[in-house]
Structure formats: C-alpha cells, structure tokens
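Shown next, in structure tokens, is the structure this report addresses.
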Amino acid sequence: MTIAVPDSSSRIFNAEFANLSAVVYKRLELEWHYHQKQDLATDVHRLFQYAVEFGRLLQVVYRHKLFDSLYEEAKWYAVVFETRGSGHDSFAVVLESWIIAIQGIIKPPECNELARPLQTLRHELPLLIARARDSAKTETKKAPSPIVERLIRGDVNGAREIVSSMLGKDRPKHRLIVEVLLPAMVEIGQLWELNQLYIFEEHLATEAIRSLLAGLPVMMEGSLPTSERRALVSCIPGDEHGLIPVALAVYLEIRGWIVKNLGGSLPASQIAHAVIALAPDALFLAFTMLSRLDDALEVIGQVREQSAQCRVIFGGRGAISAQAVLESRGAVVARDFDEGYILAS
C-alpha cells in the first residue's frame, strides 16, 4: 500500500485521538442501536474494543509510516470478524466509523490524507473478507493434533506423556519446545481465531501448556548444559501474551542460560529497573500487537539509558512488522527462538 501521510497530519491525528475515538464509539453505538444488523458482532462491547485498538494501530501506522503493515494487520481483523460470523459488516463499520470521524473533526487537506489509506482498505475489503473466508474453510477441515486435543481438555498428564515419548530420540532437548509445544500453541491460537474453541477450552489449554513448560527442566534434570550467560524475558507494556515469555524462558534454560521471566504488563520503567538490578546479557521482549510499537520504543529508550551493554531482542508478529523501526533504535528482531538464541549468543 504505497501511501504517504505527512508528519503534520499524523500529529493532528494524535492530538485529536480522544475526540476521534469518541465519535467512532458514538457511531458504532448508533449503528448497533438503530440497525442491529444480524451480521454485526453479537458482542457489541468487543466490537468497541476492536475499534479502539484499530485506532491505536492507526496512530502507529501514521507516525512510523507502516502502511504495508496496516494491510497485513487488516487481514488479521478480517479473519477474526469473519470466523465469528460478522466479517463484512463489522469490519466495514469499524473502517467507515474511523473515516467519518477523521473527515468530521479534522479539516482538509489533512483529513483527506489521513482517510485515504482507510478508504483504500475499505475498497479492498470484499477481497480481504473472501480470502479470510477461504482460509477459514481450509483450516476448519483440519482435525486438532493429538497433543492439542489433550491440551484443550486440560489433560496435562496426557500431553506430558506425548512430550516424554519424544525425549531421547536423537532430538536436542530444546527442540521439544520449538518443534512440539510452540506449534501446539500456534494451533490453539488459530483455533481461537477460527472460533472453534470455547473460552474455557482456551484457558484450559493455556494453563496446561504452562504446567508442561514448568515441568520440562525437571524432566531433563542432570542433562542440561550450563552457562554463565543471563537473560531477562518479558512482554512489552500492554501486551498480555504472557505464555510466549514462559516458553522462551524454559527454552533458554534448557540451553544452559540463567533466566528470569518478568511476565507481562510491566511498564517500561520497571523493565529498565529490572535490567539494572539483574544485569542480563540480553533482554528478550515478546511483541505481538503492532499497535503497541510506541510502548516497545519506550522500553528501548529507558533500557538504553541504564545499560549500553544489554542486547535488546524482540520477537513476535508486531516486531516483524516493525523490524526497521526497532532496529533503527538499536534493537534487533528475531523471527523465532533459534534466531533469538543466536543473536543473543
């Protein structure tokens, strides 16, 4: 999506964001109250949450000129809305609400510059939805893998038996995480996106994976390498995908590192304080939602003020989309655990 939005327009969007969000909220509320289209999301409050998060995404896209990433993120929204039975209407209403808000509050020519990428996206929405529908049909035909079947039932012992059966088969122990557990986590995430899991099943699977990961080093005790290298693992502020840091921490521990996991939801200042207190060789940060890019940049800035030696390594869907921006600030981006390990080593 080759579109240029001047910095001046981006600054106006940011300054008016609260007012724009209020208009979007009101427009969605009216659309729901007076029309209540059957295709709109059944959970209107979730629709509001998606709309606000989409606005945060727009802030990042305008500020850092990530218009190609906007299209890629839109594909994710299209899949989520489509698999919940409201693909066209829900996403169309979100896009139209932001266009209306921009054109209603911001004056020309800035409103036209800001609305243009959304209008392009709105024009291409039928194609996006069609692709999302085809993708959903293809994925729906696949049966869950044996380990995922056990995880979504909360059967930790059954899942552990599968993992145990793979130990000692000429596979390096850390490969169990990369080749078995991470694909299972991805599969569970896809099942959720495709609306094929109840919320309780996703929660059961999450806690089952957490238990599995916690027990892996014990299962391998006495055969793990040792190293003096230290790692600190966390999510960026506002990112709630705390299971990935757990998996990464266990992966690094199995490969001999001394690891501390901060989990998620810590502000940038606290992550920086942890770097001072624990003096890690590398700080690994999970970065899933592109809309949180400015939070990621805040972490880089605060950590760099405290430690020039600690390497900052990002991973996740959001990190890959924003790779050029992150690396321009002195961080590095890894596409998987193995690459992260190599970059840190």
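The values are calculated or read from the model by the stated rules, or taken from the named source; none is laboratory data. Quick caveat, the model's predicted, so the values are computed rather than measured. Glycine also receives a Cβ, built like all others from the backbone with ideal geometry; neighbour counts cover every protein chain displayed. The accessibility values were calculated without ligands, DNA or RNA, using every heavy atom of the protein model including side chains. Shrake-Rupley method; radii C 1.70, N 1.55, O 1.52, S 1.80 Å.
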> Taking springs between alpha-carbon atoms closer than 10 angstrom, which of V299, V79, V218 fluctuates most in the Gaussian network model of the chain?
Replying inline: V218
> What percentages, rounded to whole numbers, describe P(r) for the range 167-206 computed over all alpha carbon pairs with 10 Å bin width beginning at zero?
Replying inline: 28, 40, 23, 10
> Per the helix-only calculation at 222 nm, which mean residue ellipticity applies to the chain, given -39500 (n - 2.57) for every DSSP H run of n ≥ 4 and division by its residues, nearest 500 deg cm²/dmol?
Replying inline: -20000 deg cm²/dmol
>> I want the local charge near R229. Using Cβ-Cβ distances under 10 Å, sum +1 for each Lys or Arg and -1 for each Asp or Glu among the other residues.
In response: 0
> When the chain is fully extended, how far beyond the present Cα-Cα distance does S345 get from H123, taking 0.36 nm per residue of separation?
Replying inline: 75.3 nm
> Rule-of-thumb check for the chain: C-alpha Rg over 2.2 N^0.38 Å?
Replying inline: 1.07
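What translational diffusion coefficient, to the nearest whole µm²/s, does the range 169-283 have by Stokes-Einstein, given a Kirkwood radius computed over alpha-carbon pairs, a temperature of 10 °C and 1.306 mPa s viscosity?
103 µm²/s
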> How many Å² of accessible area per residue for the chain, probe 1.4 Å?
Replying inline: 47 Å²
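To two decimal places, what compactness ratio does the range 274-336 give when its Cα radius of gyration is scaled by 2.2 N^0.38 Å? Walk me through the intermediate numbers first.
Details: Rg = 10.9 Å, N = 63, 2.2 N^0.38 = 10.6 Å.
Against the compact-globule rule of thumb, the ratio is 1.03.
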> Rg(Cα) of the range 41-80 divided by 2.2 N^0.38 Å?
Replying inline: 1.24
> So what are the three principal axis dimensions of the range 230-328 from its Cα atoms, in whole Å, longest to shortest?
Replying inline: 32, 27, 22
> Which number gives the lysine pairs in the chain that have C-alpha atoms under 24 Å apart and are eight or more places apart or on different chains?
Replying inline: 10
> Amide H to amide H under 5 Å from D239: which residues, 5+ apart in sequence or cross-chain, H placed 1.01 Å off N in plane?
Replying inline: S265
>> Please list 3J(HN,Hα) in residue order for the range 289-304, calculated via the Karplus relation 6.51 cos²θ - 1.76 cosθ + 1.60 where θ = phi - 60°; whole Hz, with x for glycine and proline.
In response: 8, 4, 4, 9, 4, 5, 5, 5, 5, 5, 4, 4, x, 6, 5, 5
>> Residue by residue through the range 18-24, what is 3J(HN,Hα) from phi via Karplus (6.51 cos²θ - 1.76 cosθ + 1.60, θ = phi - 60°)? Round to whole Hz and write x for glycine and proline.
In response: 4, 5, 4, 4, 5, 5, 4
>> Not counting ligands, DNA or RNA, and with a 1.4 Å probe, what is E161's accessible surface area in Å² rounded to the nearest 10?
In response: 130 Å²
> Which one of L58, V5, P183 has its Cα pushed farthest toward the positive end of the charge dipole of the chain, where Lys and Arg give +1 and Asp and Glu give -1 at the Cβ?
Replying inline: P183
> For the range 260-276, what does the Karplus curve 6.51 cos²θ - 1.76 cosθ + 1.60, with θ = phi - 60°, yield as ³J(HN,Hα) per residue in whole Hz, taken in order and with x for Gly and Pro?
Replying inline: 10, 10, 8, x, x, 6, 7, x, 4, 4, 6, 5, 5, 4, 5, 4, 5
>> How big is the dipole moment of the chain about its Cα centre under a simple scheme where the beta carbon of each Lys and Arg is +1, that of each Asp and Glu is -1, and everything else is neutral? Debye, nearest 20, please.
In response: 280 debye
